[in-house]
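Below is one structure, written out as C-alpha cells; comments come after it.
Rule-based calculations on the coordinates, nothing more; no lab input. On a predicted model such as this, the values are computed, not experimentally measured, just so you know. Neighbour counts are summed over all protein chains in view; Cβ atoms, including those assigned to glycine, are modelled from backbone coordinates with ideal geometry.
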Amino acid sequence: MSAQALLKHVSTDAAEIEAGQLITSRGPVPRHYDEFWTAKQRQMHSLHYANSYRASFKPELPDFFISRYTKPGDTVGDPFGGRGTTILQSAILNRRGLSNDVNPLSERLAYPKINPVTIEAISEKLDKIDLSRPVDLTLEEDMSMFYHPDTYKELINLRNYLRENRDDVDRFIEMTALSRLHGHSNGFFSAYSFPQISIPKANQAKINQTRCAEPDYREVKSRILKKARTTLKSGGISDLRRNSRHHKLTTGDSRDLKDWPTESVHLVVTSPPFLNQVDYIQDTWIETWFCDIPRDQVEGRIVQTPDLTKWAEFISATMSELHRVMVPGGLVAMEVGEVRYQGNLLNLDEILVSLTCSKAYNMHQFKVKEIYVQSQQFTKLANCFRVENNKLGTNTNRIVLMEKI
Ligand SMILES: C[S@@+](CC[C@H](N)C(=O)[O-])C[C@H]1O[C@@H](n2cnc3c(N)ncnc32)[C@H](O)[C@@H]1O
C-alpha cells in the first residue's frame, strides 16, 4: 500500500495547516504548534540522565502529558519503554507506572531508576566487589579496540559478578556501568568513541587509527561512583523506593501486553520506532553484550521496518492492544516524527490519524483529539512561517493525542 493510500483519510494543504487544523474524513483535528516544553537540556530529575538511549524523548514530554491529563494514583503506561523515561516521570509525579519493551535491555535501564539506592550503599558495595581477579582474555569477546586490557579485565569481573548478584544496589551499579561503556571523555571506560551509539568494532578501530591512539587504562569503580553521584543528585530516593511496588516493568511485544491488566491504564505516553530510522539492535550491541542478552532475544523481535504498510499494521495492532488495557475514555499520547519515505518527507502523525479514520484499522477504537507539534525555534513566528517549517520538515516532536472510544 502506498503512502497515498494510507493517507486517504487526511488532507493537508497549506491553507488547512495555516488555520491550525488537519482535515480528516472524520472532521477537523486541531494541530497546535508551540514550544510546549523547554528546549534546554537536563532540566528534570537527574535520574533521567543516567543513560543515553537511541531516540529517547526528553522527560519534559511525558511530564507535560502526565501533569495535564492524569491525577496522582492514576496509571500511566508506555508499551515502547526504552530507557524508562515515562515510567520514571510517572513515579516522580506519584502515578502508577507500567513500562514494556521488547528489548530486555529496557528493563535493565528502567528498574534501577524506579528503585534507586543511596550513593553510600553504592560506594560500600563497590569496595567489596573484587575486580582484580585474573581473567583469560583470549576466552572473551575481542574488545581490544574499545578497552585497555586492564580495563577490560575489570569489566569482565564486573559482568561476572553481576551475573550472580542482583540486589537493587547491584542493579544500580549495572545501569551506571552501562552508561560508561563507550563515549568521548575520560569518564567512559572506552577509547574515544560515541556515547549514544555502540559502533561496530571496525569503525572503532578506524577511529583509533585516525587519532593515533590505543585505548588507555580507565579504572572502572571510580567512574561508576562518579557517574552514580551525578545521577542521584536530585535526591528523592526514599520517596521513589516507597512507591516502587506500584510500578511494573514487562518485556515483550507491544501487540501483546499480556501482563498489563484490562481497562487499567488512564494515559499512555509513548514513542514507537519510526519505520527503520534507528537500528536498535546494532546501536546497542555493546550494552546487550555486557548484559548477556542473547542476540536472538532482540533480532527479529524489534520492529524496525522500511515498509510503511507493515509499520502501519504494527502500530494499528499495538493500538488495538492499548484499547484493551485502557480505561474507557483513556488517552494515548503517541510521539512520532517525520521520515524520508520514497524520496518524500512523510509526517507519521498523519499516518496515525489515518489509522483512526479507517474502519479496517482503529476507527472504532480511538479518535484523535488533537496534535501537538513541539516547534522550538519557530514558536514566536507567524503562522506562514510555520507552514514553511512544516514543509521543510524540521519539526521532530509530533504528538498525536487519541481518546479511547
Ligand atoms: C523510540 S524508542 C522509545 C524510547 C523511549 N521513549 C525513551 O524515552 O527511552 C522505541 C522503542 O521501541 C522498542 N521496540 C521495538 N519494537 C518493539 C516491539 N515489537 N514491541 C515493544 N517494543 C518495541 C525498541 O526496543 C525501543 O526501545
Seminar exercise, completed: Convex hull around the C-alpha positions of the chain: the volume in Å³ per residue is 147 Å³
For this session: Would you kindly derive the ³J(HN,Hα) couplings of the range 257-264 from the backbone phi angles with the Karplus curve 6.51 cos²θ - 1.76 cosθ + 1.60 (θ = phi - 60°), listing them in order in whole Hz, with x for Gly and Pro?
Result: 8, 5, 8, 9, x, 5, 6, 10
Exercise. Non-local amide H neighbours of LYS369 (under 5 Å, H modeled in plane, Pro and chain starts lacking H): which ones?
Worked result: LEU401, MET402, GLU403
Seminar exercise, completed: The farthest towards the positive end of the charge dipole of the chain, of the residues LEU345, PRO261, ILE237, given +1 on Cβ of Lys and Arg and -1 on Cβ of Asp and Glu, is ILE237
For this session: Report the calculated FRET efficiency for GLU263 and HIS184 (r = Cβ-Cβ distance, R0 = 51 Å), to the nearest 0.05.
Result: 0.65
For this session: Amide H neighbours of GLN21 under 5 Å, at least 5 residues apart or on other chains, H built in the peptide plane: list them.
Result: ARG31
Exercise. What ³J(HN,Hα) values, in whole Hz, does the Karplus curve 6.51 cos²θ - 1.76 cosθ + 1.60 give for the range 193-201 when θ = phi - 60°, with x put for Gly and Pro?
Worked result: 8, 9, x, 7, 10, 7, 7, x, 4
For this session: Specify which residue in the list ASN186, PHE366, SER144 is farthest towards the positive end of the charge dipole of the chain, using unit charges on the beta carbon of Lys, Arg (+1) and Asp, Glu (-1), about the Cα centre.
Result: PHE366
Exercise. Tell me, what does the Kirkwood hydrodynamic radius of the range 211-336 come to in angstroms if you use every pair of distinct C-alpha atoms?
Worked result: 18.4 Å
For this session: Treating only the Cβ atoms of Lys and Arg (+1) and Asp and Glu (-1) as charged, compute the dipole magnitude of the chain about its Cα centre; round to the nearest 20 debye.
Result: 800 debye
Exercise. What is the packing order of peptides 191-203, 292-304, 105-117, taking the mean over residues of other C-beta atoms within 10 Å and listing the highest first?
Worked result: 105-117, 191-203, 292-304
For this session: Treating each Cα of the range 48-170 as an identical point scatterer and ignoring solvent, apply the Debye formula and state log10 I(q)/I(0) at q = 0.13, 0.23 Å⁻¹.
Result: -0.68, -1.26
Exercise. Taking amide hydrogens as modeled 1.01 Å from N in the peptide plane, which residues meet the under 5 Å criterion relative to GLY337, leaving out close sequence neighbours?
Worked result: LEU348
Seminar exercise, completed: Treating only Lys and Arg (+1) and Asp and Glu (-1) as charged, each at its beta carbon, one finds that the range 119-231 has a dipole about its Cα centre, in Debye to the nearest 20, of 420 debye
Problem set entry | Rg over Rh, two decimals, the range 119-231 (C-alpha only, Kirkwood Rh) | 0.97
Seminar exercise, completed: If unit charges are put on Cβ atoms (+1 for Lys and Arg, -1 for Asp and Glu) and the dipole of the chain is taken about its Cα centre, the option from VAL220, ILE156, TYR33 lying farthest towards the positive end turns out to be TYR33
Exercise. Applying the Karplus parametrisation 6.51 cos²θ - 1.76 cosθ + 1.60 with θ = phi - 60° to the phi angles of the range 211-223, what ³J(HN,Hα) value in whole Hz is obtained for each residue in order, glycine and proline being reported as x?
Worked result: 8, 6, 9, 9, x, 9, 5, 10, 5, 7, 4, 5, 6
